[in-house]
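Colleague: My structure is below; once you've seen it, I'll send some questions.
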Amino acid sequence: MSHERISVRRRDSSDLDACVRVLAEVHESDGYPVNWPQDPAGWLTPPGSPAEPPAVWVALLDGVVAGHICLSPARPDDAAPGLWSSRTGSRPEQTAVVSRLYVSPRARGHGIGALLLAETVRDARRRGLHPVLDVVTSDRSAAALYERQGWTLMATAEQRWGPDRTVLVHCYSAPS
């Protein structure tokens with residue numbers, strides 16, 4: 001019987017190299033992210049604003065970085081905040097976008113993804129925001145995690161990933 005300890009805390013700058021290493025493992029095994037970023041460390045911190053920077057957490061398994069997640073302000077090109085807004089009559093600015101969620105292939109099966117998701121939901125609610133996210137339609141295991149955690153599929157939409165590239169994404173809303 002194993003007695004691994006799992007903890008979730010805010011990411012700090014000393015975690016970034018480990019986060020990039022784990023992201024590379026995930027990319028190799030699962031193809032996430034779909035496009036490997038030129039600056040992986042920069043990609044792990046999506047844009048925010050000085051007034052509302054993204055909040056970023058890591059999950060540790062026995063003291064070693066095993067997972068990552070980010071919560072960011074909605075941006076105009078995000079599909080999920082607009083969908084949630086049109087369904088609820090709220091402004092897209094009343095959402096927070098969950099992104100950059102991944103768990104090391106070696107650390108799966110411990111509930112780390114669910115713990116990271118729960119942490120972002122708590123933080124968003126504390127700020128008076130509603131969490132939303134999108135995931136490429138080919139990422140079935142991520143979609144299954146969101147649905148197991150009670151997230152609602154709002155729609156499938158096209159997301160622009162560059163001047164001449166669009167992808168299909170499932171847009172989810174956190175449980176009420």
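Colleague: Could you look at the chain and say what percent of its accessible area is carbon and sulfur, using a 1.4 Å probe and all protein chains?
Modeller: Here it works out to 50 percent.
Colleague: Using unit Cβ charges (K, R positive; D, E negative) and no other charged atoms, how large, in debye to the nearest 20, is the dipole of the chain about its Cα centre?
Modeller: Dipole of the chain, to the nearest 20 debye: 520 debye.
Colleague: For region 51-176, give the share of DSSP beta bridges that are antiparallel, in percent and rounded to the nearest 5; count only bridges with both residues there.
Modeller: DSSP beta bridges in region 51-176 are roughly 90 percent antiparallel.
Colleague: Another question about this same structure. So which trypsin sites (Lys or Arg not before Pro) in region 1-71 pass both tests, a DSSP loop state and at most 14 other Cβ atoms within 10 Å of the Cβ?
Modeller: Numbers: sites: Arg5, Arg9, Arg10, Arg11, Arg21; in loops: Arg5, Arg11.
Sites meeting the loop and neighbour criteria: Arg5.
Colleague: Keeping every protein chain present and rolling a 1.4 Å probe, give me the accessible area per residue for the chain in Å².
Modeller: 53 Å²
Colleague: Go ahead and set up a Gaussian network model of the chain, Cα springs under 10 Å, then flag whichever of Glu25, Glu52, Glu119 fluctuates most.
Modeller: Sorting by GNM fluctuation, first place goes to Glu52.
Colleague: Have a look at Ala143, Gly42, Ser176 and report the one farthest towards the positive end of the charge dipole of the chain, computed about the Cα centre with Cβ charges (Lys/Arg +1, Asp/Glu -1).
Modeller: Checking the options against the dipole of the chain, the answer is Ser176.
Colleague: Using only helices, what value at 222 nm comes out for the chain when you add -39,500 (n - 2.57) per DSSP H run of length 4 or more and divide by the total residues, to the nearest 500 deg cm²/dmol?
Modeller: -9000 deg cm²/dmol
The values are calculated or read from the model by the stated rules, or taken from the named source; none is laboratory data. No experiment lies behind these values; they were computed from the predicted model shown. Glycine gets a Cβ as well: all are built from the backbone with ideal geometry, and neighbour counts include every protein chain shown. The protein model used for the area step is the full one, side chains on, heavy atoms only, and it has no ligands, DNA or RNA in it. Shrake-Rupley method; radii C 1.70, N 1.55, O 1.52, S 1.80 Å.
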